[in-house]
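Okay, structure first, notes after.
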Ligand SMILES: NC(=O)c1ccc[n+]([C@@H]2O[C@H](COP(=O)([O-])OP(=O)(O)OC[C@H]3O[C@@H](n4cnc5c(N)ncnc54)[C@H](O)[C@@H]3O)[C@@H](O)[C@H]2O)c1
């Protein structure tokens, strides 16, 4: 059992803290957002993540998990402090480290006992050393027995608890092997491979992993676009490729492109880091460019089939960047909506969990109560996120409700033959065949 402090109670911090508590540790989760902490104290989750509310409640009741805004309280007994604050994109695509800096400075101010500081936030290579420097400088004459370990997080929103509890691997980087081993002990009961590297290598593993996954998606989207021109079906192409053990099927689903709180900012930050160090990240640039085009292609397709988008009513199903989360950061749906609105389209949309978040950032949009309200009077319907509840819609009802029965299935979710037989003009991504392309 260890005393752990987790700084930041977002998707990563809250899941990390809760899971460590569930593994029997004493955990204090800290956030500077008072409202968030107040809600957590009352058992109200600030985010939607399946299974989280129950696990938080269980561990709070067991006395292993508490929440605070007070650094001194959170760090008082902490042997290990995890930094899990946000690292959003800065103006030039670099990772904005202001929250990491602030967390490091406050640790330096508040701690007077030996401590291991663990960077769980995704941070540019070299940040571990930088955090150590910040803490040292900030102590000014009051030496502190501490060391920094990098422990990048690989969990996915929507299956975060399962991913944390059953990781493919845990990566730990440090200049201090003893500290890395001590952090490794926290994960030992998960019985997964634990890779111990130097600090910079661990930091790079995170960026390289995310960039590679984004590359796979951009790759299959490029193949999808070629499939459309040559009359092949990208889903079957991906199945055929995926059966090759060297390739695998994961992250080979064509669609509206990758989004979310990680891939966009991490690929950008890695490219920025590369340029800063004098290399030319041409593959990463292409990966990002393909992704931007993928959204534009969807809009061009609709414009071609409807002749114009001006004053057309477009229904959008799904706003979160993927199913089972309320996270809309860099969601493909949002960009498609902006592009459609720029061409004068009127948008009505629905998402099972992301309506509150969407209402804060989207303007001139009608937020609906269910998929059928979205279809009502629509000239076209776009599926942007493949939530389970969209899998088996009543398409007879939808056909009757829509002004024009045009469907753009941005996730290749629905049975195109059935929908076409029902009279819909159906477009998927990369599986339309030459004869079905809009003229
Ligand atoms: N979201 C994911 O799926 C995911 C997966 C792997 C890695 N990551 C990385 O983990 C980090 C956190 O991501 P997230 O999605 O959980 O972020 P988030 O935006 O959901 O949460 C960050 C939290 O940190 C708090 N915070 C900011 N500054 C603080 C400070 N100085 N002290 C205490 N709290 C502070 C904020 O109030 C917020 O609640 C990022 O670097 C991200 O790239 C995220």
Original post:
Across segment 256-282, what is the total count of residues that are surrounded by 15 or more Cβ atoms within 10 Å (Cβ to Cβ) and either at positive phi or in a helix (DSSP H, G or I) (or both)?
Top reply: 15
Original post:
Among the residues of segment 324-345, which ones are surrounded by fewer than 19 Cβ atoms within 10 Å (Cβ to Cβ) and on the phi < 0 side of the Ramachandran plot?
Top reply: 338, 339, 341, 342, 343
Original post:
How many of the residues making up segment 74-99 are touching a helix residue (DSSP H, G or I) at 6+ places or on another chain (Cβ under 7 Å) and either assigned to a strand (DSSP E or B) or within 9 Å of the ligand (Cβ to nearest atom) (or both)?
Top reply: 11
Subject >> Within segment 24-42, considering residues that are touching a helix residue (DSSP H, G or I) at 6+ places or on another chain (Cβ under 6 Å) and more than 9 Å from the ligand (Cβ to nearest atom), the one nearest to residue 321 (Cα to Cα) >> reply: 29
Subject >> Qualifying positions in segment 51-70 - touching a helix residue (DSSP H, G or I) at 6+ places or on another chain (Cβ under 6 Å), part of a loop (DSSP other than H, G, I, E, B), closer than 23 Å to residue 118 by Cα and in contact (Cβ under 8 Å) with a residue 40 or more places away in the chain >> reply: 64
Original post:
Within the set of pairs 6 or more residues apart or between chains, which connect a residue that is within 10 Å of residue 30 (Cβ to Cβ) and at pLDDT 95 or above inside segment 71-88 to a residue that is more than 13 Å from the ligand (Cβ to nearest atom) and part of a loop (DSSP other than H, G, I, E, B) with Cβ atoms less than 8 Å apart?
Top reply: 75/111; 78/111; 81/111
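Could you list, in sequence order, the residues of segment 100-120 that are within 26 Å of the chain's Cα centre (by Cα), buried (at least 18 other Cβ atoms within 10 Å of the Cβ) and within 11 Å of the ligand (Cβ to nearest atom)?
Residues of segment 100-120 within 26 Å of the chain's Cα centre (by Cα): 100-104, 117-120.
From the residues that got through so far, the ones that are buried (at least 18 other Cβ atoms within 10 Å of the Cβ) too are 100, 103-104, 117-120.
Answer for segment 100-120, where residues must be within 26 Å of the chain's Cα centre (by Cα), buried (at least 18 other Cβ atoms within 10 Å of the Cβ) and within 11 Å of the ligand (Cβ to nearest atom): 100, 103, 104, 119, 120.
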Original post:
How many residues are in contact (Cβ under 8 Å) with a residue 12 or more places away in the chain, within 20 Å of the chain's Cα centre (by Cα) and surrounded by 15 or more Cβ atoms within 10 Å (Cβ to Cβ) when one looks only at segment 157-200?
Top reply: 10
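Here's the yes/no breakdown for (1) closer than 19 Å to residue 156 by Cα; (2) at pLDDT below 95; (3) in contact with a strand residue (DSSP E or B) (Cβ under 9 Å, 6 or more places away or on another chain):
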position: 207; (1), (2), (3): yes, no, no
position: 212; (1), (2), (3): yes, no, no
position: 215; (1), (2), (3): yes, no, no
position: 221; (1), (2), (3): no, no, no
position: 231; (1), (2), (3): no, yes, no
position: 235; (1), (2), (3): no, no, no
position: 238; (1), (2), (3): no, no, no
position: 246; (1), (2), (3): no, no, no
**OP:** For residue 51, indicate whether it is surrounded by fewer than 17 Cβ atoms within 10 Å (Cβ to Cβ), within 18 Å of the chain's Cα centre (by Cα) and farther than 30 Å from residue 144 by Cα.
**Re:** yes
**OP:** Tally the residues that are touching a residue at least 60 places away in the same chain (Cβ under 8 Å) and away from the ligand (no atom under 16 Å from the Cβ), restricting the search to segment 335-374.
**Re:** 2
Original post:
Is it the case that some residue within segment 399-412 is part of a helix (DSSP H, G or I) and either in contact with a helix residue (DSSP H, G or I) (Cβ under 8 Å, 6 or more places away or on another chain) or buried (at least 19 other Cβ atoms within 10 Å of the Cβ) (or both)?
Top reply: yes
Original post:
Is one or more of the residues making up segment 426-439 surrounded by 14 or more Cβ atoms within 10 Å (Cβ to Cβ), without any contact (Cβ under 8 Å) to a residue 12 or more places away in the chain and assigned to a helix (DSSP H, G or I)?
Top reply: yes
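The values are calculated or read from the model by the stated rules, or taken from the named source; none is laboratory data. Values in this document were obtained by computation on a predicted structure and should not be read as measured data. Neighbour counts are summed over all protein chains in view; Cβ atoms, including those assigned to glycine, are modelled from backbone coordinates with ideal geometry.
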